[in-house]
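Heads up: the structure comes next, in structure tokens.
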Amino acid sequence: MLSCREVAARASALIDGELGLAQRLRMRLHLAMCRGCARFVAQLRLATALIALAGGEEPGQDPSRLAAILDRLGHPEGGDGT
Ligand SMILES: [Zn+2]
């Protein structure tokens, strides 16, 4: 199994879709068992999305895109309502 440090090092690659299938599965396996890393990846995903919004396009220019991002952020790990 991947260590927490390995997961942290690859988290942004995972979010960017840069990992191959095998690595993605190993990441998911770890995230399924490790709450700390699952939380870390969820927060990194949120930060990445916000940065993309801020740097890429004008927020509000495409409300459906913003809604889609917020919808995805709403349940990153299957959700416990937070
Ligand atoms: Zn971990």
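Bear in mind these aren't lab numbers, they're just calculated from the coordinates by the rules spelled out. Predicted, not measured: the structure shown is a model, and the values here were computed from it. Don't worry about glycine lacking a Cβ; one is built from the backbone with ideal geometry, like all the others, and counts go over all protein chains shown.
In this simple spin-label approximation, Leu44 and Glu6 carry label points 7 Å from Cα along the Cα→Cβ vector, and these lie 1.4 nm apart. A simple rule links phi to the HN-Hα coupling: the Karplus curve 6.51 cos²θ - 1.76 cosθ + 1.60 with θ = phi - 60°, which for the range 2-10 gives 5, 7, 4, 5, 5, 4, 4, 5, 9 Hz, with x for Gly and Pro.
Across the range 30-40, rounded Karplus estimates of 3J(HN,Hα) from the backbone phi angles (6.51 cos²θ - 1.76 cosθ + 1.60, θ = phi - 60°) give 5, 5, 5, 9, 10, 5, x, 6, 4, 5, 4 Hz, Gly and Pro being marked x.
Of Cys4, Cys37, the sequence from fewest to most neighbouring Cβ atoms within 10 angstrom is Cys4, Cys37.
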